[in-house]
Amino acid sequence: MSLQSMTGFARHLRTFPGVQISWEIKSVNGKGLDIRFRLPSGFEAIDQKARALFGQHFKRGNFQAALTVDKTEGAAKPVVNRPLLEELASIAGRLRDEFNLAPSTPEGLMALRGVLEVPQDIIMPEAQSQLDDSALAVLEETLVQLAQNRRAEGSALGEILKRQVSSIEDLVEKAKRDPSRSLEAVKSRLTAQVALLLDAAPALDEARLHMEAAFLATKADIQEELDRLEMHIASARLLLADGNSVGRKLDFLTQEFNREANTLCSKANAASITTIGLDLKAVVDQLREQIQNLE
C-alpha cells in the first residue's frame, strides 16, 4: 500500500432529478479519526452512516465535511411580505424626515429580515429517504477522490522522508569514520589523560589508573549507539515501503532516533562527534515534523 498524507481536500457534485448534491471535505492531521459535519436541515439521519463511510477509507485525521443540497427545478418562488415592507417603508420615511437622512432604497428594504421569504417545500419521508441515499452515494465518491488526493500527497511526502532517512544514514557513516574513533586517537587520548593524572599525583597506582582509563574509554565508545541507529534506519525504510497507516509507528521510531542522538552527544569525547550528534538531532527533528502529516 502507498503512504497517505492526512492533509487533503476534495469537492464532488452530482445532479439528480430536481436536485443537485455536493460535498466539500477538508482534512488535516490528527491523532485519531475526528469528523465534523455541516448538514442541511432534514439530513441529520445520515450522520452515523456517513461516519461509517469515513471509517472505511481513513484511520486518522481531522475532517470537516459540508453537504449542500440545491433544487434544480420546481423551486418555490420568493414572496414579498407586503405588510411588513409597507410598515418598514413608513418608519424609514419618518426617520428620514426627522433626522434628515438619505432616502431608503428598495434594495435596502428588501434585504431586511422577514421582508423576502422563500417558502420551504414539505418533503415526504419517502422522498427524504431517497435524498439521504443520494447524499451518501455522493459522499462515497467524494471520499474516494479525497483518498486519491491524500495518497498523491503521501507519495510526495514519502520521497522527502526517504531523503531524510538517507541523511541520517550519511551522518551515522560519518561518525563511524570519524578520526577521533581510530585506535591511535583513542590510545593517544588515554595516554595523555593518564600522564596528566600521574603528574598531578605521582603516588597514584599506575596500573589502577590504566584500568580506570580503559573503563572510561569503554563508556565513551559510541559503537552501540551507531549500531542501534543503523537498525532504526532499516526499520524506517521497511515502514516507508509498507505504507499501510504507518504514521504512528514512524513517530515512535523518531523518538528512538532522538534518544540515540542524545546519547551520542553525551558520550562524545571529540568536538567532531558532538557536531555530528547535533546535526543528527536536527535531521531527526525535521523527520518527525514531516511524519506528523502522515496517516
Give me the pairs, please: first residue somewhere in the range 264-286 and not assigned by TED's automatic domain parsing to the domain that holds Lys176 and surrounded by 15 or more Cβ atoms within 10 Å (Cβ to Cβ), second residue anywhere and modelled with pLDDT of 95 or more and assigned to a helix (DSSP H, G or I), beta-carbon distance under 6 Å, and either six or more positions apart or on two chains.
none
The condition of being free of Cβ contacts under 8 Å to residues at least 40 places away in the same chain and small (Gly, Ala, Ser) holds, among Ala52, Ala66, only for Ala52
For the range 208-223, state whether one or more residues are modelled with pLDDT of 80 or more, more than 30 Å from Glu295 (Cβ to Cβ), surrounded by 13 or more Cβ atoms within 10 Å (Cβ to Cβ) and not small (Gly, Ala, Ser).
yes
Would you be able to say whether some residue in the range 6-25 is within 20 Å of the chain's Cα centre (by Cα), part of a strand (DSSP E or B) and over 16 Å from Glu141 (Cα atoms)?
no
Can you say whether Ser245 is part of a loop (DSSP other than H, G, I, E, B) and modelled with pLDDT under 95, as far as the supplied structure shows?
yes
Out of everything in the range 119-152 that is among the β-branched types (Val, Ile, Thr) and not in a helix (DSSP H, G or I), what residue ends up being modelled with the highest pLDDT?
Ile123
Out of Ala66, Ala111, Ala52, Ala102, which single residue is of a type in the set (A, V, I, L, M, F, W, C), within 30 Å of Leu294 (Cα to Cα), at pLDDT 80 or above and out of contact with any Ser or Thr (no Cβ under 9 Å at 6 or more places or on another chain)?
Ala52
Of all residues in the range 95-113, how many are more than 17 Å from Val79 (Cβ to Cβ) and part of a helix (DSSP H, G or I)?
7
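The values are calculated or read from the model by the stated rules, or taken from the named source; none is laboratory data. Predicted model only: the values in this text are computed from it and were never measured. Positions of Cβ are generated from backbone atoms using ideal geometry, with glycine treated the same way; all protein chains shown enter the neighbour counts.
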